[in-house]
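**Student:** Before I ask anything, let me first share the structure, which is written out below as structure tokens.
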Amino acid sequence: MIVDRQGRRFRNLRVSLTAACNYACTYCVPDGKRLVAAQDELSAQALVRGVAYLVEAAGVERLRITGGEPLLSPRLDAFVQGVAGLGLSDISLTTNGQLLARKLPLLRDAGIRRLNVSLDTFDPTAFRRIARGGDLATVLAGMEQARAAGMAIKVNMVPMRGQNLDQVLPLLEYCLERGYELRFIELMRMGHLARDGAAFLQQFVSLEQLLGLIGQRHVFEQAPRPLDATALRYSIPGKGHFGVIANESVPFCRTCSRLRLSSTGWLHGCLSSGSRHYVADLLDKPRHQALPGLQRLLVKALADKQEVAFSGDVMVMKVIGG
Ligand code: SAM
């Protein structure tokens, strides 16, 4: 097992199935152009081998499938079927929900029971302005169908001043009524927001501001959470829970256990580090040849983690997923 001086190790793996996305969210894609798949995206078989090797070499236990938009990938079927047999303790998926209804049977058959669905607003006009793609009603219908199919749903919302702060309470209400757990993600200094501090600060909403807003309507208390969880969790007695991923306000780098594999075969040990490590060539090799090289790169990837706090990076989320 590869462990650093702070006791951190890679327990949670996120695989970006494709860089392509049918949204062009303002905080992710500044020029508003839809993202296409990278030309050198790996086959489903290579990515499944990657997960299997990382389970063995790094002790990965849990997998989250992300993107880009993972449900757009032509490799989705083969990938979810392949990873279903790897003995992971949990497989979940993050999606914008546009294709959710169509892909539900596949996801369920592969044993996926947990979904994170991104939704920044309920207001159709604001939805078009922020997501710049897709359709609000389709996301809501997809979530309903997933709920009816027994999926546990978390809704990801990035609160932004001047964009969707008026949606915090309505979205929370909607989620509490349906048993979805709303996850507020503090805006991160990624991509263009890492370069443009003024644009970041103009929109950034801190944990304190967010809790102040929620406190106007609800009484809540902090709830227990796993040691390496990224989200702070709050309980609203008798109604449900919500979470906040407070990268800036309460950094969680000291306990971070995440490892990311891109669709083109790069390992990222930290979202906030410019370093990445190419493993695609190793994934073509049989296990006994691949593992020693992979272990050397994992040591480097673990050393990329920040000591204390997230500082952002020009790398764009679309490439590596959230
Ligand atoms: N397409 C999928 C989706 O929409 O959920 C998966 C990829 S998307 C990059 C994953 C998550 O990252 C989304 O919930 C999105 O809101 C979040 N995200 C992207 N850029 C971000 C930023 N700069 N700050 C905070 N969250 C961000």
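**Student:** Give me the number: length gained by fully extending residue 285 to residue 123, i.e. 0.36 nm times residue separation minus the C-alpha to C-alpha distance, one decimal in nm.
**Tutor:** 53.4 nm
**Student:** Restricting to lysines 8 or more places apart or on different chains, can you count the pairs in the chain with Cα atoms under 24 Å from each other?
**Tutor:** Lysine pairs meeting both conditions in the chain amount to 8.
**Student:** With the contact rule set at Cα under 8 Å and sequence spacing of 6 or more, what percent relative contact order holds for the chain?
**Tutor:** The value is 23 percent.
**Student:** Using a simple charge model, +1 on the beta-carbon of Lys and Arg, -1 on the beta-carbon of Asp and Glu, nothing else, what dipole does the range 12-320 show about its Cα centre, in debye to the nearest 20?
**Tutor:** Rounded to the nearest 20 debye, it is 340 debye.
**Student:** Counting only heavy atoms of protein chains, what accessible area per residue, in Å², does the chain have with a probe of 1.4 Å?
**Tutor:** About 42 Å² of surface per residue is accessible.
**Student:** Once every DSSP H run of n ≥ 4 in the chain is given -39500 (n - 2.57) and the sum is divided by its residues, what mean residue ellipticity at 222 nm do you get, rounded to the nearest 500 deg cm²/dmol?
**Tutor:** Calculated at 222 nm, the ellipticity per residue is -9500 deg cm²/dmol.
**Student:** Which loop trypsin sites (Lys or Arg not before Pro) in the range 147-220, with loop taken from DSSP, have no more than 14 other Cβ atoms within 10 angstrom of their Cβ?
**Tutor:** Passing both the DSSP loop test and the Cβ count: 161, 217.
**Student:** When a/c reaches 1.5 or more, the comparison of a/b and b/c decides; with that in mind, is the range 40-159 rounded, prolate or oblate per its Cα gyration tensor?
**Tutor:** prolate
**Student:** What residues qualify as long-range amide H neighbours of residue 38, i.e. H under 5 Å apart, gap of 5 or more or another chain, H built at 1.01 Å from N?
**Tutor:** 19, 20
**Student:** Would you pull out the residues with amide H under 5 Å of residue 241's amide H, same chain only if 5 or more places away, H placed 1.01 Å from N?
**Tutor:** When sequence neighbours closer than 5 places are left aside, the close amide H contacts are 236.
**Student:** Can you tell me how the range 191-236 classifies by the Cα gyration tensor, rounded, prolate or oblate, using a/c under 1.5 as the rounded cut?
**Tutor:** Taking the square roots of the gyration eigenvalues as a ≥ b ≥ c, the range 191-236 is oblate.
The values are calculated or read from the model by the stated rules, or taken from the named source; none is laboratory data. None of the values given here were measured: they were computed from a predicted structure. Here the Cβ is made from the backbone with ideal geometry for all residues, glycine too, and neighbour counts use every protein chain on show. For the accessible areas, the whole protein counts, side chains as well, though only heavy atoms, and no ligand, DNA or RNA atoms are used. Shrake-Rupley method; radii C 1.70, N 1.55, O 1.52, S 1.80 Å.
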